[in-house]
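To start, the structure under review is shown below, and the notes come after it.
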Amino acid sequence: MKYVKMTFWTVLFIVLFVLFTLNVYQSVDFRYFYGNKDVFKEIPLFVVIFFSMAVGFFLGLLVILGEIVQLKKDCRGKDAELATLKKELDTHRNVAVKEFIDSESNGGNGAS
């Protein structure tokens, strides 16, 4: 598992490095309106790529967080069920053994 993680991060770093170096001199025209002004800005393409990846990672983390919350909710339900089953098990655990000991102490079957 250690090598899989290391390989993943290495490949990701190489891909990001290639994307950034290929797109260093390219830019995207960004147009917005500020008050009555029509403003044009040139934003480097690697910044756009970086922010789009950041948004993707953020959305992925939100999905993972939702799954974790759902699993915790399911786990709480299972824990409550497990507690009831443990109580039932404790009440019925040694009933047969106690009955056997009581029958032996009261005369038993005479085998000993």
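Taken together, the values in this text are just the output of simple stated rules run on the coordinates, not laboratory data. Small disclaimer: the values here were computed from a predicted structure and weren't measured. Virtual Cβ from ideal backbone geometry, glycine too; neighbours counted across all protein chains shown.
Within the span defined as region 89-109, every residue fails to be of a type in the set (Gly, Ala, Ser) and touching a strand residue (DSSP E or B) at 6+ places or on another chain (Cβ under 9 Å). So, in region 22-45, exactly how many residues are over 20 Å from LEU12 (Cβ atoms) and aliphatic (A, V, I, L, M)? Adding up the residues that qualify gives 3.
Here GLU104 clears all of (1) among the acidic types (Asp, Glu); (2) in a strand (DSSP E or B); (3) surrounded by 11 or more Cβ atoms within 10 Å (Cβ to Cβ) except the condition numbered (2). Scan (1) outside any helix (DSSP H, G or I); (2) touching a strand residue (DSSP E or B) at 6+ places or on another chain (Cβ under 7 Å); (3) within 30 Å of VAL15 (Cβ to Cβ) for the single condition VAL48 breaks and write down its number. The one condition VAL48 does not meet is (1).
Residue-by-condition table, conditions (1) exposed (fewer than 10 other Cβ atoms within 10 Å of the Cβ); (2) in contact (Cβ under 8 Å) with a residue 40 or more places away in the chain; (3) touching a helix residue (DSSP H, G or I) at 6+ places or on another chain (Cβ under 9 Å):
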{"position": "VAL18", "(1), (2), (3)": "no, no, no"}
{"position": "ASP29", "(1), (2), (3)": "yes, no, no"}
{"position": "TYR32", "(1), (2), (3)": "yes, no, no"}
{"position": "ASP38", "(1), (2), (3)": "yes, no, no"}
{"position": "MET53", "(1), (2), (3)": "no, no, yes"}
{"position": "LEU61", "(1), (2), (3)": "no, no, no"}
{"position": "ARG93", "(1), (2), (3)": "no, no, no"}
